[in-house]
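A.B. asks: First the structure, which I've put down as structure tokens, then a few questions once you've had a look.
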Amino acid sequence: MLTRKTVGIAATAFVVVGLLLAGPSYSQVSDGAQQVVDTAGSDTTVVEALVENLANHEDEQDYVWEDSDVNEIVLSDAGIVISGDGAVADGNMVAILAAGTYRFRGTLTDGQIFVNSSEEGLVRLILNGIWLHCSSSAPIFIKNADKAILVLAEDANNYVADEAVRTVGDSEEDDPNAAIFSKENLTICGAGTLTVDANYADGIVSKDGLVIAGGTILVTAADDGIRGKDYLVIEDANVTVTSVGDGLKANNDTDAAAGYVLIEGGAVSVTAGGDAIVAQTDALIAGGEITLTSGGGSAKAVSSDVSAKGIKAGTSLIIDGGTLTIDSSDDALHSSASLAINGGTFVITTGDDAIHADAALGINGGDISIAKSYEGIESASAIAINGGNISIVSSDDGLNIAGGMDGSGWGGGPPGMPGGGPGGGQGGAPSSTSSSGCLYINGGYLMVQAVGDGMDINGSVVMTGGTLLVNGPTTNDNGALDYDSVFKITGGFLVAAGSSGMAQAPGTTSTQCSVLATLPSTCQAGALFRIQARDGTDILTFAPAVRYQSVAFSSPKLQKGTTYDVYYGGSSTGTPVDG
């Protein structure tokens, strides 16, 4: 007997987090135009549906049964043996015709478990060591059931496989396109192992909702790995997927309250030719150890008609926690609308954008290491950084609000243009026609090392707190700080070192003092830059990671009317942190 508490409680947190996300709205007046960003992310409709769906999908009694109620089924090519009611054998097929609990063991080299129950009640299939192969259809096909659950018996190893070419059927109704295929809500749980070798198309599919609540699941698929049409929820399991197509997927495109992916915990590893995780609406990550490789990884270019992102959401992408290691050819984290990071640990390498949102993007917390990217953090309209410890290495812009194109990291256009090579648009001549975007820095710690612009903002910058360190660029066609409208700083610590051709600093609307120092010659990487008050007080000692000729600096220590001396070169004592 397996007992388990009903899960899905963590999803309730998204109701709260989804309304807060990147904090309050901020506004500023710039050239007579009011610019407002609201980075509230998750569609409330989806979040409410998520909580309701999980409540309807799972019940505590789903995970509890008595051995006396179990119907035993032994699979064998010599003849299937059934003890109990509700199931019949038809040649090499076991047909489950009634609600109940059925325990399977044994081998069928070419057979099927077929569920077609019109009764009200749960069909519980316990896999207690099976080897099941089917050449003509899905080895496990749940066509009709009030509710279905696969239980992986403790310490049991189960293997399910289909053929690359099926011998009968030419439609999804006749020939389900997965090795394990359910037309009803499906749950997979337990403490055993399930290996799925899907040679025809997908690995595990539910045409309704799919919840993975436990077990060790290994899927190799000729197309998509694991797919729930209405939703895919992983609560606590060890899931490994290797797929030619997408890895984990929810693809309902007709219901605005469906098509979401939720990962609450467990260990998830995906190697996908397409997107590692893709949700038609919301992708929600609450925890877990998640390792994703998409499109061959950051060193491999994919064609323009292939989406090979780490995590892709059609509406909102929200990450509350977990440990995520992502190596993606395309964007690592991508939302077609809003994106929010509230916590978690990230190690990202990508051939394109590390974190991208087509609309608003907010970061409230987390340890984010972007070791390789084309552009580090990009939004078409607004970025709000309210917390977190963020490190960015980019071959173009570190922070970008310019509405860049998908796959721009592999493009061939001129520098500074969408799809172009390294470089950013010059001040007053941005790579996008819009100048209404805004970057808000209200907290957190952000270190940027960029070949292009350290930040390229087609609009305005508002900084009220936090720390921003920028290293680069080294060429004069880019700037460490590149903004079109105004840069208003009222708090926080800013130092940006790079070339001098396009150097900018915060503007005169600021209430905190700034300085832009242009040096007579270029200093090499690691050469010290120092600002000291006449009384000897150290204001800044900085060792940029790249060669530089200008430094923009702002700090509460800078006081209007005070004289400071600027030094460069020399040596210092102590251990520097990020320079």
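The values are calculated or read from the model by the stated rules, or taken from the named source; none is laboratory data. Being a predicted model, the structure only gives us computed values, none of them experimental. Cβ: placed from backbone, ideal geometry, glycine included. Neighbour counts: every protein chain shown. SASA here: full protein model, heavy atoms, side chains in, ligands and nucleic acids out. Shrake-Rupley method; radii C 1.70, N 1.55, O 1.52, S 1.80 Å.
A.B. asks: So the check is Cβ under 7 Å with 6+ separation or different chains; which pairs have a first residue in region 565-579 that's farther than 11 Å from residue 528 by Cβ and a second one that's assigned to a loop (DSSP other than H, G, I, E, B) and open to solvent by 70 Å² or more (accessible area, probe 1.4 Å)?
C.D. replies: Within 7 Å, the pairs are 565/534.
A.B. asks: While we're looking at this one, here's another question. Kindly provide the set of residues from region 302-326 that are among the small types (Gly, Ala, Ser) and touching a strand residue (DSSP E or B) at 6+ places or on another chain (Cβ under 7 Å), ordered by number.
C.D. replies: Across region 302-326, the qualifying residues are 308, 310, 313, 314, 316, 322.
A.B. asks: Looking at region 301-316, which of its residues are farther than 14 Å from residue 270 by Cα, modelled with pLDDT of 95 or more and not small (Gly, Ala, Ser)?
C.D. replies: Residues satisfying the conditions do not exist here.
A.B. asks: Please give the strands (runs of 3 or more DSSP E) falling wholly within region 430-510 in which 2 or more residues are touching a Lys or Arg at 6+ places or on another chain (Cβ under 8 Å) and modelled with pLDDT of 95 or more.
C.D. replies: Counting at least 2 such residues, we get 459-463.
A.B. asks: Within region 1-113, which strands (runs of 3 or more DSSP E) (wholly inside it) include 1 or more residues that are open to solvent by 60 Å² or more (accessible area, probe 1.4 Å) and at pLDDT 50 or above?
C.D. replies: 70-75, 81-83, 87-90, 100-108
A.B. asks: Considering 425, 398, 404, which residue is under 16 Å from residue 482 (Cβ atoms), crowded, with 24+ Cβ neighbours inside 10 Å, at pLDDT below 90 and within 21 Å of the chain's Cα centre (by Cα)?
C.D. replies: Checking each option against the conditions leaves just 404.
A.B. asks: Go through region 139-155 and report how many residues are surrounded by 18 or more Cβ atoms within 10 Å (Cβ to Cβ) and either on the phi > 0 side of the Ramachandran plot or hydrophobic (A, V, I, L, M, F, W, C) (or both).
C.D. replies: Qualifying residue count for the region: 10.
A.B. asks: With the checklist (1) closer than 21 Å to residue 398 by Cβ; (2) assigned to a loop (DSSP other than H, G, I, E, B) in hand, flag the one item residue 550 doesn't pass.
C.D. replies: Answer for residue 550: the failing condition is (2).
A.B. asks: Where in region 170-288 are there strands (runs of 3 or more DSSP E), lying wholly inside it, with at least 3 residues that are surrounded by fewer than 21 Cβ atoms within 10 Å (Cβ to Cβ)?
C.D. replies: In region 170-288, the matching strands (runs of 3 or more DSSP E) lie at 193-198, 216-221, 238-243, 267-272.
A.B. asks: So, one more: Are any residues in region 511-530 open to solvent by 30 Å² or more (accessible area, probe 1.4 Å), closer than 16 Å to residue 473 by Cα, modelled with pLDDT of 95 or more and assigned to a strand (DSSP E or B), and if so, which ones?
C.D. replies: If the condition is that a residue be open to solvent by 30 Å² or more (accessible area, probe 1.4 Å), closer than 16 Å to residue 473 by Cα, modelled with pLDDT of 95 or more and assigned to a strand (DSSP E or B), then 516, 518, 522 are the ones that fit.
A.B. asks: Being farther than 19 Å from residue 441 by Cβ and either open to solvent by 10 Å² or more (accessible area, probe 1.4 Å) or among the hydroxyl-bearing types (Ser, Thr, Tyr) (or both) is the filter here; which residues of region 335-350 pass it?
C.D. replies: 335, 336, 337, 344, 345, 347, 349, 350
A.B. asks: Of the residues 118, 136, which single one is at pLDDT below 95, open to solvent by 40 Å² or more (accessible area, probe 1.4 Å) and over 35 Å from the mean Cα position of the chain (by Cα)?
C.D. replies: Selected residue: 118, the only one of 118, 136 that is at pLDDT below 95, open to solvent by 40 Å² or more (accessible area, probe 1.4 Å) and over 35 Å from the mean Cα position of the chain (by Cα).
A.B. asks: On the basis of being assigned to a strand (DSSP E or B), at negative phi and surrounded by fewer than 20 Cβ atoms within 10 Å (Cβ to Cβ), does residue 325 make the cut?
C.D. replies: yes
A.B. asks: Sticking with this one: Considering only residues that are of a type in the set (A, V, I, L, M, F, W, C) and open to solvent by 10 Å² or more (accessible area, probe 1.4 Å), look in region 451-468 and name the one that is farthest from residue 527 (Cα to Cα).
C.D. replies: Among them, the one singled out is 462.
A.B. asks: Please specify each residue of region 483-494 satisfying the condition of being without any contact (Cβ under 8 Å) to a residue 60 or more places away in the chain and either basic (Lys, Arg) or open to solvent by less than 30 Å² (accessible area, probe 1.4 Å) (or both).
C.D. replies: 483, 487
A.B. asks: Suppose the filter is among the hydrophobic types (A, V, I, L, M, F, W, C), more than 19 Å from residue 51 (Cα to Cα) and touching a Phe, Trp or Tyr at 6+ places or on another chain (Cβ under 7 Å); does residue 196 pass it?
C.D. replies: When the stated conditions are applied, residue 196 does not pass them.
A.B. asks: Consider region 352-373. How many of its residues are open to solvent by 10 Å² or more (accessible area, probe 1.4 Å) and touching a helix residue (DSSP H, G or I) at 6+ places or on another chain (Cβ under 7 Å)?
C.D. replies: 0
A.B. asks: Mind checking which residues of region 92-138 are of a type in the set (Gly, Ala, Ser) and under 20 Å from residue 197 (Cβ atoms)?
C.D. replies: 106, 111, 129, 135, 136, 137, 138
A.B. asks: Now a separate question. Of the numbered conditions (1) surrounded by fewer than 24 Cβ atoms within 10 Å (Cβ to Cβ); (2) over 30 Å from residue 201 (Cα atoms), residue 291 fails exactly one; give the number of that condition.
C.D. replies: So the condition that residue 291 fails would be (2).
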